[in-house]
Amino acid sequence: MRITTNADLETLKQTGQKLLHPETIRIMVGTATCCRAKGADRVLKALEREAAAQKLNCTVVPVGCIGLCHLEPTVEIIQPGKPRVAYGPVKPEDAADFISVIAGTGVDKKRALFRTDQEYRLLDGEPYRYATGEIPAAFGEIPERSKYPFYQKQLKICLRNAGTINPESIEEYIAMGGYSALVKVLTHMTPEQVIDEVTKSKLRGRGGGGFSTGEKWAACRKAPGGPRYVLCNVSEGDPGIGMHKSLLESDPHTVLEGLIIGGYAIGAEQGYIYMTSNYPLGLARMQQAIKEATAYGLLGTNILNSGFNFTVTVKEGGGAYVCGESTALMAGLEGRIGEPRPKYVHTAVKGLWDSPSNLNNVETWANIPVIIGKGAEWFSQIGTQGSKGTKVFALAGRIVNTGLIASAGFLLGIPSLLSYGVWSWVNIAGRPILDAVDFAASNVLLPLSGLAVTLFIGWHWRAADASAAIGFRAPIMFRLWRFSLRYAAPAMIVIVLLRALSLV
């Protein structure tokens, strides 16, 4: 089937809805790399085996990461008319008991983490209700997801489908509102209108210098020459954190859709996705996404009968950290050694093969379908004054709750992630709070401390005691030292303090 109209997309959406919400039990196992490292593959096979042995009418589906890496392997179960329930950790040896309990009471309270009664689907606009009737007592004892501490302060935009859809099913992605933004763009918007919408959203690049995405696109579209290229950088800015990898492994189509929209806006017919060789699962799932999109006519020639042609090629790099730098990345795409080179002209003007090229990272591209689908005004209401939208962070190291978290306020790092405290909006004496603290420490507290020391030593400390303690043997040097502490040093400190406070 080739999608050419919005009606075709709606037909495929209904197919995806039946996959997401079958008339039987749906068991979803997180199978991103972080999940697999904890044995998720073995859990999935064990659940399939036990479900067949116990004749449980169900489907066992691999999905992406739900973010709770410290509780993996995680499993979520949807039963028709009942709340969706998350469990973890579930080990392969737990499979028999787990399936037995699900087949019996319907819920394993021992391993349950939280339940989801209804879910707001970002691009659908309407909440989907899992629990259609009165919630059974056994389910009622499990905390609702909105009250689960790990998720309370999160807003998932890029990760909206992670853990819900099968990453290798375009039908399930479309069922969650996928590719509706692409249809909107190709049927109702000009390239200039797309760029204007992205600019109004105030989305900034989620890697590198955080430059305005819309302005970057506009510069590339206006640049002379051609052909133009759009590029996706999957080489993590911070080695080993796995945010980009997890996004590709959980929802590759959202990145692909953003890339196609960017190609249309900029006037490119070719896109490249550059990823390191140590992302085998992300590579496989992105290649599958490209294959599916091509089969349905969402990639290739005359997409949606719009006259727009666009293809995407995945380039596997060598894995070197430096290859994530823009000029090194483009050198790798050109078949040369991935080494940075002087950048006298912006790559938006002269990039890949000396042609206008737009490079954004995975997370930036993943925001595009939501900006087009929900609108720039909606998106720009989220985040801080300087950067709109959310930011995905990987929490790792010697902490309790490792995992992926999506936050709208990230100025103060982890405390802000967990508290949503957008401290950048707080001013003290006309200065942002961190600048005010730094100013007070450097220009007020330090001079006052010095003044207190000089006054104590110069005036409160008796001359005989000071001379004995310090061991001065030259009377003239001692008198000069004492004079400077009593008169010269306090005077200079007061002058410095007054100048810092703009009083002189």
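Data for the structure
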quantity	calculated
Only one of Ile414, Ile428, Ile470 that is β-branched (Val, Ile, Thr) and either touching a strand residue (DSSP E or B) at 6+ places or on another chain (Cβ under 8 Å) or at pLDDT 70 or above (or both)	Ile414
Selection status of Ile165, touching a helix residue (DSSP H, G or I) at 6+ places or on another chain (Cβ under 8 Å), in a loop (DSSP other than H, G, I, E, B), at pLDDT 85 or above and farther than 22 Å from Pro80 by Cβ	no
Residue in region 130-153 that is among the charged types (D, E, K, R), under 18 Å from Gly258 (Cβ atoms) and either touching an Asp or Glu at 6+ places or on another chain (Cβ under 6 Å) or surrounded by 16 or more Cβ atoms within 10 Å (Cβ to Cβ) (or both) present	no
Failed criterion for Lys291 (all others in (1) among the basic types (Lys, Arg); (2) under 19 Å from Leu9 (Cβ atoms); (3) outside the structural domain of Glu269 (by TED's automatic domain parsing) hold)	(3)
Qualifying residue in region 104-126 (condition: farther than 19 Å from Val29 by Cβ and of a type in the set (A, V, I, L, M))	yes
Search result, residues across region 200-236 that are assigned to a loop (DSSP other than H, G, I, E, B) and farther than 16 Å from Gly267 by Cα	Lys202, Leu203, Gly205, Arg206, Gly207, Gly208, Gly209, Gly210, Phe211, Val234, Ser235, Glu236
Boolean, Ile273 is in contact with a Phe, Trp or Tyr (Cβ under 6 Å, 6 or more places away or on another chain), crowded, with 24+ Cβ neighbours inside 10 Å and either modelled with pLDDT of 95 or more or outside any helix (DSSP H, G or I) (or both)	no
Any strands (runs of 3 or more DSSP E) falling wholly within region 46-156 and containing at least 2 residues that are of a type outside the set (Asp, Glu) and at pLDDT below 95	118-120, 127-129
Any hit, region 85-92, residues being of a type in the set (D, E, K, R) and within 23 Å of Gly140 (Cβ to Cβ)	no
Residue check, Ile261 surrounded by 24 or more Cβ atoms within 10 Å (Cβ to Cβ) and touching a helix residue (DSSP H, G or I) at 6+ places or on another chain (Cβ under 9 Å)	yes
Matching entry among Tyr229, Tyr173 (being modelled with pLDDT of 90 or more, over 18 Å from Glu363 (Cα atoms) and of a type in the set (Phe, Trp, Tyr))	Tyr229
Selected residue [surrounded by fewer than 22 Cβ atoms within 10 Å (Cβ to Cβ), within 26 Å of the chain's Cα centre (by Cα) and within 20 Å of Val362 (Cβ to Cβ)] from Leu203, Leu159, Leu123	Leu123
Qualifying residue in region 24-35 (condition: assigned to a loop (DSSP other than H, G, I, E, B), surrounded by 21 or more Cβ atoms within 10 Å (Cβ to Cβ), under 23 Å from the mean Cα position of the chain (by Cα) and of a type in the set (A, V, I, L, M, F, W, C))	yes
Residue, nearest to Gly104 (Cα to Cα), within region 36-45, restricted to residues that are among the small types (Gly, Ala, Ser) and not in a helix (DSSP H, G or I)	Gly39
Pairs with Cβ under 8 Å, 6+ apart, first in region 314-342 and closer than 28 Å to Ala293 by Cβ, second at pLDDT 85 or above and in a loop (DSSP other than H, G, I, E, B)	Ser326/Thr347; Ser326/Gly351; Met330/Thr347; Met330/Gly351
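Table: residues versus (1) farther than 29 Å from Ile174 by Cα; (2) of a type in the set (Phe, Trp, Tyr); (3) in contact (Cβ under 8 Å) with a residue 12 or more places away in the chain.
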| residue | (1), (2), (3) |
| --- | --- |
| Pro83 | no, no, yes |
| Gly88 | no, no, yes |
| Asp97 | yes, no, no |
| Gly104 | yes, no, no |
| Lys109 | yes, no, yes |
| Asp117 | no, no, yes |
| Leu123 | no, no, yes |
| Ala138 | yes, no, yes |
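The values are calculated or read from the model by the stated rules, or taken from the named source; none is laboratory data. In this text the structure is predicted, and so the values were computed from the model without any measurement. Virtual Cβ from ideal backbone geometry, glycine too; neighbours counted across all protein chains shown.
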